[in-house]
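Remarks on the structure that follows.
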Amino acid sequence: MAKPASTKPASATKRIAYNTAVQTAGRVVVMFLGLASVAILTRYLGADGYGKFTLALVYLSFFGIAADMGLFTIAVREMSRDESRMQEIVSNTLALRALLAVVVFSAAFGIGWLLPYTPDVKIAIGIAAGAQFFGLLNSALISLFQTKLIMGRSVVADLVGRTFALGAVIAVAAMNLGFYAVVGTAVIGSFVTFLVSSLMIRKFVAFKLAFDVGLWKKLLKASIPYGAALVILHLYLRSGIFMLSLMRTTAEVGIYGAVFKVYELVMAVPGFFNNSVFPVLVRRLKKGTADANAMVQKVFDALVAGGAGVAAGGIVLAPQIMQIVGGQEFASGAGALQIVLVAILLSFAIFTFSTIFVAMGHQSMVLKVASLGLVLNVALNLALIPRYGIEGSAMATVISEAIVFISYYWQARRKLGIRVSLRMVPRIFLAAAIMAAAILPLKGAIWLAVPAGAALYGLLLLTFRVVTKDVLAELRPSRS
């Protein structure tokens, strides 16, 4: 009788670990493709041109999150509760997203012409809307992959799309096709990703556009509070770039855009991890909070360990990272990157709490906390950017993320009865500090410092019992 009870957690842990490992491995390749693309574009466009490119994409991303409405997460939650409804939910979500995208991006293009931007930025917004459109359609499809914990297929689609996009970037730069062609490369990559996903999903469901208005209302009712929270979260994390565009030069926007590109690439990893956890967590919650609490603690420890390692290693290697990303013209962004890396640590930890609130149906709490973060971030950016520039915007992000983390931690204990222990945090920070000190002499050889630091950090986490034998045993392949 004891054996089945013990194998279920192990099975869940293996599935989460495998799903995350596949996505992370794919994301590492995507990260290199992305860095290669950024390295080409920053050198081709220069700081001023890359600033315009960044501004167009960041502006449009606000509307992209609004068009998403949190439907991805809610669709995954509903399919996890009843997998027999997968085709119905995917087909309706696809149609609903397409309609929302057309309305929202049309509004985005119109509003863009009213803003004090140069004509090339405004035209770039219209071109980039195509990339956002296909991206939203693709996320409707991959919600099924996420529910079934088979995100390897999504990784394949993303890799193919990114490869096509990189090829287009190389061609544009080699043939000197100009700024608008650069923006068009994003549309190519997004369309190819959607096309590959649509071909692979047919193995599981015969999806088509569906127009069940009753289901649309139900999905929107559940997703709007979370979608509003995502919009506000997106605003407060990226308001620095928007405010820099109004208060400083486009060259500074370009440099900070390159810094924030590093942030975005890194933050995909905890996003993949939490997406893998989410369907399992929803099923665990059916058994009660106590069963889910142990899982939340493991998730928190894993994310803090990941964030601390990235932050500590990145702070040491920040000058070399900026040289790779943008060359000498972008080297002045190293200080801002070091500050943003502290925010990355906090962002990793915050993922734990936003996930548990949504899984338990408390999307409104995510909205409240994100609103607090937005108000703080805007006020801090207004105070810090005039004097400190991009470093001031980075500091605003760190302070805002710290307040958001404290708010989530307190609300999780008070509202949900989820008590996350911090006892592993000192051990994690010690391991990260030792790793950072060890790679300091190697920072001139980043190709050696990164794998050496990662290996040492993993060994230290084992030594300090952050990662235990029990966890390793759960991850070990079954011989049955």
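The values are calculated or read from the model by the stated rules, or taken from the named source; none is laboratory data. On a predicted model such as this, the values are computed, not experimentally measured, just so you know. Here the Cβ positions follow ideal geometry from the backbone for every residue, glycine too, while neighbour counts run over all protein chains shown.
List of remarks:
- Taken as a whole, the condition of being modelled with pLDDT of 90 or more, among the hydroxyl-bearing types (Ser, Thr, Tyr) and over 20 Å from residue 305 (Cα atoms) does not apply to residue 480.
- Residues located in region 196-220, provided they are assigned to a helix (DSSP H, G or I), within 20 Å of residue 67 (Cβ to Cβ) and either aliphatic (A, V, I, L, M) or free of Cβ contacts under 8 Å to residues at least 12 places away in the same chain (or both): 213, 215, 217, 218, 219, 220
- Considering residues of region 136-160 that are of a type in the set (D, E, K, R) and closer than 20 Å to residue 91 by Cβ only, the residue surrounded by the most Cβ atoms within 10 Å (Cβ to Cβ): 153
- Residues of region 84-135 that turn out to be more than 25 Å from residue 241 (Cβ to Cβ), of a type in the set (S, T, N, Q) and surrounded by fewer than 22 Cβ atoms within 10 Å (Cβ to Cβ), as a count: 3
- Selection status of residue 407, of a type in the set (S, T, N, Q), assigned to a helix (DSSP H, G or I) and in contact (Cβ under 8 Å) with a residue 60 or more places away in the chain: no
- Considering (1) farther than 21 Å from residue 73 by Cβ; (2) hydrophobic (A, V, I, L, M, F, W, C); (3) surrounded by 21 or more Cβ atoms within 10 Å (Cβ to Cβ), the lone condition that residue 211 does not fulfil carries the number (3).
- Residue 165 more than 20 Å from residue 33 (Cβ to Cβ), in contact (Cβ under 8 Å) with a residue 60 or more places away in the chain and in contact with a Ser or Thr (Cβ under 6 Å, 6 or more places away or on another chain): no
- Checking each residue in region 410-462 for being farther than 13 Å from residue 304 by Cβ and not in a helix (DSSP H, G or I) picks out 417, 418, 419, 443, 444, 445.
- Taking first residues from region 68-90 that are under 18 Å from residue 356 (Cβ atoms) and partners that are surrounded by fewer than 23 Cβ atoms within 10 Å (Cβ to Cβ) and among the β-branched types (Val, Ile, Thr), the Cβ contacts under 6 Å between residues at least 6 apart in sequence or on separate chains come to 77/282; 80/282.
- Residue count, region 400-415 (criterion: buried (at least 19 other Cβ atoms within 10 Å of the Cβ) and of a type in the set (A, V, I, L, M)): 2
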